[in-house]
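See structure below.
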Amino acid sequence: MTLEYPNWKKAIIFVVLVFGLLYSLPNVYRQDPAVQISASRGAVLDEAVKEKIQGDLERAKVGIKAIELTEKRLLVRLQDSNQQLTAAELLRASLGENYTVAQNLASTVPAWLGKFGARAMTLGLDLQGGVHFLMEVDREAVIEHADERLVDDIKTALRNREIRGTAARAANGVLVTLRSEDDRKRAASEIANLAPGVVIEDGAGSLESFPLSIKVPDEARIAAMDQVIDQNLSTLRNRINALGVAEPVIQRQGAARIAVQLPGIQDTAAAKKILGATATLEYRLSDVENASRVMEAVQTGRVPAGARLYYTRDGQPVLLSRRIIAQGDEIVTATSTIDPDSGTPAVSIRLNDAGGSKMLQVTEENVGRPLAVVFIERIPETRIVDGKEVRTARIKEEVISIANIREPFGKSFQTTGLQKAEADELALLLRAGSLSAPIDIVEERIIGPSLGADNIRAGINAVLYSFLFVMAFFVVYYKMFGIVTNLAVLLNLLLVVAVMSLFGATLTLPGLAGIALTIGMSVDANVLINERIREELRAGTSPLASIAVGYEKASGTILDANITALLGGIALFSFGSGPIRGFALSLCVGILTSMYTAVSVSRGIASLFYSGRKKLARLSI
């Protein structure tokens with residue numbers, strides 16, 4: 001058995017070494033504490049804004065490292081993290097509501113590494129910290145939305161059955177007023193089939209009025225809230241997946257709140273904008289019967305029954321029907337495009353079956369009547385009241401388009417009246433999923449490492465010194481083969497970091513535990529090889545043959561042991577979640593790299609040291 005190692009295998013080792021160095025190198029560069037400014041709709045980022053920000057920070061004596069202006073954001077790099085919060089609060093007050101200011105960590109990785117796709121590994125909340133959002137679903141909006149839908153459904157049922165009556169929202173439900181006792185009985189039967197579980201009671205009426213009180217029980221309200229929370233959880237997961245965050249934590253808290261943790265997120269401004277955004281659309285008919293009373297509604301505040309007052313983008317008042325034909329949660333897909341007729345930006349929208357059916361029915365009945373598109377945006381605001389930070393939300397509703405219905409349409413159509421950036425952003429939000437109910441960010445925190453910087457530093461030092469001690473022990477105990485072992489273990493560590501960085505994995509404490517475990521397994525594999533070689537030497541085999549036989553005999557055992565551990569890691573990754581998956585990922589990557597470095601790389605190094613020697617009297621092991 002020969003010790004010779006093929007040149008092509010040596011070339012692979014060289015390529016692997018270059019790969020490990022290239023893709024693990026970004027982890028050496030520390031991130032800069034920074035504040036990121038993004039423009040909201042209608043605002044711009046230019047040199048004037050940059051100069052204003054620089055002047056404000058310099059007057060406040062905040063240490064600026066650099067200010068970078070790009071097309072979509074402005075990044076202020078600061079000297080240290082202590083000044084990050086000061087700068088963020090100052091700029092929020094200075095720039096106002098037209099700009100989003102968020103704390104961030106800015107990469108310092110050189111551009112030439114970025115050209116190869118090399119990036120630093122993201123650290124988890126327990127190591128680096130991250131962003132924590134606490135969101136609250138607007139319960140009143142959920143109830144109002146459900147009641148309005150019930151009103152619309154009841155009106156449609158009464159109209160289809162030719163039952164004379166009206167329906168409107170009332171306390172804890174809907175009030176339906178009929179024209180006769182027979183109509184009331186028929187309506188009660190229809191509503192019972194339409195909305196099982198509601199409480200239907202006859203109200204005190206008169207000769208011309210026969211009311212029905214439709215009350216929604218608390219159990220149904222709670223069930224509706226649970227459904228909304230579940231739908232919003234799903235939507236937030238879709239949006240976070242679009243951000244590319246590894247191992248996020250998204251969980252329900254209490255009756256109406258959702259906690260979101262984004263470990264090591266790089267672009268907190270984008271996260272806040274995407275998660276907190278509730279931009280959506282509503283389609284309503286124009287109230288042509290009361291169009292002449294629009295100025296009266298503006299001046300007196302008295303809006304005609306069945307209508308709502310809105311404003312167009314140029315500030316013109318308009319009365320629209322209170323009935324919503326279709327809205328965000330009925331949208332299946334949305335794509336930013338260009339309207340072929342006008343050449344202006346548009347969003348191509350496709351509704352689900354229920355929304356498409358309602359749209360088709362309304363447009364068939366109202367050809368020639370104006371249809372309005374209402375753009376609704378919920379804008380989070382922060383104010384300081386009595387020295388405390390108070391978060392609220394401002395709802396901005398504006399009519400972006402009013403056009404006559406030229407012909408009936410159903411599930412697929414286009415919405416125009418948007419600017420290019422607005423069309424792109426709206427399409428993104430609708431694709432990621434429209435939130436079932438408005439949701440506010442009631443708490444936003446940049447979380448520091450839970451262990452504390454001193455404990456993390458102490459832990460890193462402990463790992464480093466123990467690693468150096470083990471390496472020194474190998475050199476003393478196995479001599480030349482101790483050096484071979486150390487080189488193989490170091491390359492294994494390099495490869496684990498490089499592969500996890502390339503995959504964009506988030507390194508957490510469980511992940512560190514997985515890496516430590518695989519380093520230990522790599523050491524065990526090399527110990528097994530060295531002891532096999534020593535056994536062959538004691539049996540009288542020549543030194544060169546002992547090396548070759550030792551690697552051959554140990555390889556099978558190493559393979560068996562690592563495959564069983566790999567299967568366990570795959571099972572943990574498949575069935576686990578959160579920190580368990582982080583541990584499993586680093587374990588699986590480490591097992592695969594340790595098998596290669598322990599068997600192939602260490603043999604290649606040994607071959608480099610010994611294969612050229614024809615006669616070798618003794619082996620330094």
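Observations on the structure shown:
- Unique match (being modelled with pLDDT of 85 or more, within 43 Å of the chain's Cα centre (by Cα), over 19 Å from Phe19 (Cα atoms) and of a type outside the set (Phe, Trp, Tyr)) among Gly568, Gly578, Gly582: Gly568
- Top-ranked residue of segment 312-356 - restricted to ones that are small (Gly, Ala, Ser) and exposed (fewer than 14 other Cβ atoms within 10 Å of the Cβ), ranked as nearest to Ile376 (Cα to Cα): Gly315
- The residue pairs whose first member lies in segment 404-417 and is assigned by TED's automatic domain parsing to the domain that holds Ser342 and small (Gly, Ala, Ser), whose second member is at pLDDT below 85 and surrounded by fewer than 17 Cβ atoms within 10 Å (Cβ to Cβ), and whose beta carbons are closer than 6 Å, counting only pairs six or more residues apart or on different chains, are Ser412/Arg350.
- Output for segment 176-197, where each listed residue is touching a residue at least 40 places away in the same chain (Cβ under 8 Å) and either among the β-branched types (Val, Ile, Thr) or surrounded by fewer than 17 Cβ atoms within 10 Å (Cβ to Cβ) (or both): Leu194
- Only one of Thr363, Thr415 that is outside any loop (DSSP other than H, G, I, E, B), at pLDDT 80 or above and buried (at least 19 other Cβ atoms within 10 Å of the Cβ): Thr363
- One residue from Ala279, Ala271 being closer than 29 Å to Arg308 by Cα, among the hydrophobic types (A, V, I, L, M, F, W, C), at pLDDT below 80 and crowded, with 20+ Cβ neighbours inside 10 Å: Ala279
Table: residues versus (1) under 30 Å from Ala102 (Cα atoms); (2) of a type in the set (D, E, K, R); (3) outside the structural domain of Lys358 (by TED's automatic domain parsing).
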site: Asp126; (1), (2), (3): yes, yes, yes
site: Val131; (1), (2), (3): yes, no, yes
site: Met135; (1), (2), (3): yes, no, yes
site: Ala168; (1), (2), (3): no, no, yes
site: Arg179; (1), (2), (3): no, yes, yes
site: Asn193; (1), (2), (3): no, no, yes
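- Filter result for the condition that a residue is in contact (Cβ under 8 Å) with a residue 40 or more places away in the chain and either over 32 Å from the mean Cα position of the chain (by Cα) or outside the structural domain of Ala498 (by TED's automatic domain parsing) (or both), over Val18, Val76: Val76
- When segment 95-144 is filtered for residues that are buried (at least 21 other Cβ atoms within 10 Å of the Cβ), among the aliphatic types (A, V, I, L, M) and out of contact with any helix residue (DSSP H, G or I) (no Cβ under 7 Å at 6 or more places or on another chain), the ones remaining, listed by number, are Leu105, Leu123, Leu125, Met135.
- Test result for Asp202, outside the structural domain of Ala167 (by TED's automatic domain parsing), at pLDDT 80 or above, surrounded by fewer than 18 Cβ atoms within 10 Å (Cβ to Cβ) and not aliphatic (A, V, I, L, M): no
- Answer residue from segment 289-311, given it is of a type outside the set (Gly, Ala, Ser) and modelled with pLDDT under 85 and is surrounded by the most Cβ atoms within 10 Å (Cβ to Cβ) among those: Asn290
The values are calculated or read from the model by the stated rules, or taken from the named source; none is laboratory data. From a predicted model like this one, the values you see are computed outputs, not experimental measurements. Reconstructed Cβ throughout: ideal geometry from the backbone, glycine too, with neighbour counts over all protein chains shown.
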